[in-house]
Amino acid sequence: MFPQRWIEAYLRFLLRYRGTVTIFVAVLTAFFAFQLTKIRLHTDFFDFYPRRHPYIQFYNEFRKMFGTANVMNVILEVKHGDIYNPETLQKLDRITKFMINTKGVVPYQILSIAHPAVNSAIVTQGAVQVRPIFYPGVPKTQEDADNVRFAVYANPNIRGLYVANDDSAAVVNVGFWEEALDFHYLYDRMTALQKAEGDANHTVYITGFPWLYTSVLQYASQLFYIFGLTTLTLSFLLYGYFRTWTGIWVPIFSGILSSIWGLGIAALLGFNLDPLVLVLPIFLTARALSHSVQSMDRYHDEYYRLKDRHQAIVASYSHLFAPAIASIVTDGIGLLIIAVAPIPLIQKVAIFSSFWIVSIFISVVTLHPVILSYIEPPPPVEHGPKTPPMNIWAARGVLWSAMAIVLGLHYSGVIPSAMVAFLVASPALGWYWLTYCDQAYVSWTRWTVAATQGRRIWGVMALTVILFFGLPFWGWTLKVGDMTPGAALLFPDHPYNVAYRKLNEKFLGGSQLIIIADTLKPDGVKGAGALMAMDEMADHMLEAEGASGSVTIVDIVKQLERLQHEGDPRWGLIPVNPKETAQVIYAFTQNAAVGSLNFFMDPSARYGSIITLFREHSHDTIMNSIAWAKDFADKYSGGEVQFRFAGGLFGILAAVNEKVESSYWVNLAMIFFIVYFCLYLTYGSWYCSALLMIPVVLSQLAAEAFMVLMHIDLNVNSLPIAAAGAGVGVDYGIYHFSRMIDAYDEIGNLDEAVDYATATTGKAIIFTGTTMIAGTAFFWLSDLKFLAEMGLLLTLLMTFNKFGGLIVVPALVKALQPSYFARRKRSKAVVLERQVAVAS
C-alpha cells in the first residue's frame, strides 16, 4: 500500500521531532477533552425517526393536530373488588390531575375517565346531555361511584379503552412532546406518584415509550462500574502478558486517548450519547488497546534481536504500518458506511465511531513510537509460573482491595447483584492468571499451530464449509423490529414489562395505527359519504391480524343519533343529511369539554382519524395491518375521502423497521465490498483478499444465527452493533497474513512460514482477542437486557473473528498454497536488484 521508504521516513520523522509531535498531540487531546464537558447522556426520540420517510412526514404533519405517538400509560389496579368505589376513583382523579401538571405533556392528549375530555352522553327530559364521567364532581360516596359505573357502561367507547373489561383497573393515557421530555424529572415524579397512590389494595403500573427510555436511563450509572471492572480486568491481562507496568499503562493510555478523541468529536458535533449504544464505545476502546498490544509485542521482538530502541522501532513499525493502516481504514470506513441508514441515531453513531477508529492512527501508529523511544524496554519474559514476587504480591493486593471496595458498594445498593457472582470468583481467577498465564498462552499458541498441521487442515476446511452452509439456516430467519417495546431492552420481570403485559391483559392494547381520512374541504368530515367511508375502514381494520378495537368520530355520531331517538338501537346510524350530522356534532361540542373531539377530528372538520388498537406490534403485525388498510383504500371508489397513511406508533415503527431492514443488507454489502477492496489495495491480490474475507463473512453468519437463537431482534439499537462486527472483524486476519508474508520472505517454505507466523503473531492475536472479549464481557452482568445481549453478541463476533484469523486463514493458505507468496518474493527480489544496480 505504501512504499517501504516512505514508512521508514515517517517513523524517523517521528523520532527526530518526538517532542514537537508530543506537544501537538497533547494540544489536540486537550481540545477534545474540553469538548467532553458539553456531552450529554440523553435519548432524543427524533433521532430514531427516518425523517424523509413518508410515514414520518405524515406524523410530523399531523402530530400537533391529533397528538403524539409518544404515549405513556399509567394504570391503577385494585387487588380486590372493582374500581367503582370512592377511594379508587379519587386516586384516579389525583393521578389524572398529577399528569396534567407534569412537564412536557400534550394538554389535549391526557385521557382517562377522570378527565373532562372523556364524556358520557345520556338523555335527560328528552334532550341529549353530554357530561364528564365524573359528573357532577369527584365521587365522594358509593352512590357517586355507582353513577360513574352507569356512565361507563352506558357508553360503548370507554370499557376496554380507559377501564379494564373486568372493571379491576383504569388507565390514564398521556401523550408527551418528544422535544420536551426530561427523563430524570419524569423518573423522580412518577416514582413519587407510585409511592403516594400505591397501597395494600392499589397498585400503580407505568408503561409506554417515555417510561421505557426513562427506565433505561436509570441503568446509566452501571456503565461506570462496568467500565471500571473492564479497565481493572484489562490491566491484569496486560500485566500477565507483558510482566511490566509499562505493558499496562501504554495500551491503557492508547485506549483512553482514542476515547477522548472519539467522544470529543461527538461533543463537538453536538451529538448526545444514547445509553443503548455505549457498548460500542467501550468495544472501540478495546480495539485501540488491541492495536497497541500488537505493536508493542512486535517491538519487543525486534528490540531483543537488534538491541537498539530506535532501530527496533523502525524495524517493527515499518512491518506493522501496512497491516495497521489497512485495519484502521477498513474498520473506520466499515463503521462509517453504517451511516447510509437514514436514521439520525445510527448516522451519529457511525460518524463518531468511525472517527474513534481513525484516531487509533494517532494513539498507536503515531504516538507509540514516540512513547517507546522514551522508555526502557523490558527484559525478555521467561515463560512459566515463576514471576517477580514483589510485583505479583502488589498486583494481588490491588486485586483484593478492589474486590473489597466493589463488595462494599454492592451491600450499599450501588453495584447490581448480577455482578457479584463474578466478583466473588475474581480473586481466585486473578491469582491463577498472574501465576500461570504465560504457560496458558504458550499452550494455546501450540494448540493453534497444531490445529492447522497434517490432516487437521482438512478438518478445519470441513468445519468451515459446514458452518457456511449451516449457519444461514437460522440467520435467514432474523426478524426486524420488536415484539414489545420493552422486551428487547429490559428483562421480562422488569416493572416496565410487567406493566406492559398488564395493559394488554386488561385493555384493548397500547399500540395504535392511525389513518387519516382527508375530505379535501372544510366540514367535509360531517358529510354522510365521508362518515360512511370512515366507518367502513374502521370495520375493515377490525379484521386485521391482531386488531383488538377501533375508534372514530362515527362512533360518537351513531351514539348521539341513537340517544336522540330514545336510545333505540335501530337509530344508531349515520345521518343522511349533512345538516343533521352538523347539529349532532354541534350539540356534543356545546355540552362537552373544550377539545373533546380533537383526537377524532381537526377544528376545520377537514380531517378525521380512524384509530385501530393492537395488543402487540411485531414487525409482521405492523406491516400486515398497514397493507390491509391500503388494500381497502385501493379498492375504495366513493371519492368522498382520501386515506393517508400511517400514523400512531405503528406508523413510526413501520418507517423505522423498513429503513433498518433495507439499511442492514445494504450496509453488509457495502462493508464487505469496502473491506475486500481495502484488502486488495493492501496486498494486490484478489485471490488472497477473498481468502481473508471468508472469516469475516463466517463471523457475520454466526452473529445472525446467534441473534435468531437468542431471540434478539434487529432494530434501530442493535443494527449499528451488529453491522460494526462485520466492519472490524478482519483485523486478526490482516496481522496474521502480513506476518506470513514476512516469514515466507525469510524462510521460503510456505507451510513453515505459516506455522512461524502463528507461533509469533498468533500469541499476540490470542491475547488481543482475549482483551476484546474482556472489553465486552462485563456487559453480560448488566441489569439492562439489551446491553447484556449486545455484549454477548460482540463477544461471539470477536471469538469467531479470532477463530477465523488464527485457524481458518492458515488452513486455507496451507490447503490452497496461493502462488501470491512466491510471486511477491520474486518481485521484491527484482526490485532490490534494481535498487542495488542503480546504487552501484
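The values are calculated or read from the model by the stated rules, or taken from the named source; none is laboratory data. Owing to the predicted nature of the structure, the values given are computational and were not obtained by experimental measurement. Neighbour counts run over all protein chains shown; Cβ positions are idealised from the backbone, glycine included. Ligands, DNA and RNA are stripped out before the accessible areas are found, and what is left, the full protein with its side chains, is counted by its heavy atoms. Shrake-Rupley method; radii C 1.70, N 1.55, O 1.52, S 1.80 Å.
So the values come out like this:
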{"read-out": "Percent RCO, i.e. relative contact order, over region 223-289, from Cα pairs under 8 Å lying at least 6 residues apart", "value": "35"}
{"read-out": "Dimensionless Rg over Rh [region 1-44; C-alpha; Kirkwood]", "value": "1.30"}
{"read-out": "For region 679-725: span of alpha carbons on each principal axis (Å, largest first)", "value": "40, 19, 9"}
{"read-out": "Pair TRP6, TYR153: separation of 7 Å Cα→Cβ label points (nm)", "value": "8.6"}
{"read-out": "At q = 0.19, 0.22, 0.23, 0.25 Å⁻¹, base-10 log of I(q)/I(0) for region 236-336 (Debye sum, equal scatterers on each alpha carbon)", "value": "-1.03, -1.22, -1.27, -1.36"}
{"read-out": "Heavy-atom accessible area order for LEU336, LEU490, largest first, 1.4 Å probe", "value": "LEU336, LEU490"}
{"read-out": "Positive minus negative residues near LEU797 (Lys, Arg vs Asp, Glu; Cβ under 14 Å)", "value": "-2"}
{"read-out": "Accessible area of MET461 in the full protein assembly, 1.4 Å probe (Å², nearest 10)", "value": "40"}
{"read-out": "Inverse mean reciprocal Cα-Cα distance (Kirkwood Rh) of region 199-249, Å", "value": "14.5"}
{"read-out": "Unit Cα scatterers, Debye sum, region 747-831: log10 I(q)/I(0) for q = 0.21, 0.25, 0.27 Å⁻¹", "value": "-0.95, -1.12, -1.19"}
{"read-out": "Rh (Kirkwood; distinct C-alpha pairs) - region 242-287, Å", "value": "11.8"}
{"read-out": "Amide N of region 60-97 lying under 18 Å from the label point, which is placed 7 angstrom from the Cα of ALA196 along Cα→Cβ", "value": "73-77, 87-97"}
{"read-out": "For region 272-313, the spread of Cα positions along each principal axis, largest first, Å", "value": "48, 14, 6"}
{"read-out": "Region 63-123 - Rg over Rh from alpha carbon coordinates, Kirkwood radius", "value": "1.01"}
{"read-out": "Cα convex hull of region 146-240, projected area averaged across orientations, nm²", "value": "10.6"}
{"read-out": "Rg(Cα) / (2.2 N^0.38 Å) computed for region 638-724, rounded to two decimals", "value": "1.59"}
{"read-out": "FRET efficiency estimate (nearest 0.05) - Cβ-Cβ, ILE375 to SER662, R0 35 angstrom", "value": "0.10"}
{"read-out": "R0 of 30 Å, Cβ-Cβ distance ASP166-LYS64: FRET efficiency to nearest 0.05", "value": "0.25"}
{"read-out": "Where only alpha carbons of region 4-157 are counted, the Rg and the Dmax (Å)", "value": "30.7, 101"}
{"read-out": "Hits among lysines - C-alpha to C-alpha of LYS79 under 18 Å, sequence gap 8 or more where chains match", "value": "LYS91, LYS195, LYS502, LYS506"}
{"read-out": "Probe 1.4 Å, all protein chains present, accessible-area order of TRP686, TRP458, largest first", "value": "TRP458, TRP686"}
{"read-out": "Pairwise FRET efficiency - LEU269 versus ASP751, Cβ, R0 = 56 Å, nearest 0.05", "value": "0.65"}
{"read-out": "Accessible surface ranking that places the most exposed of LYS479, LYS785 first, with a 1.4 angstrom probe", "value": "LYS479, LYS785"}
{"read-out": "Kirkwood-based shape ratio for region 668-801, expressed as Rg/Rh from alpha carbons", "value": "1.03"}
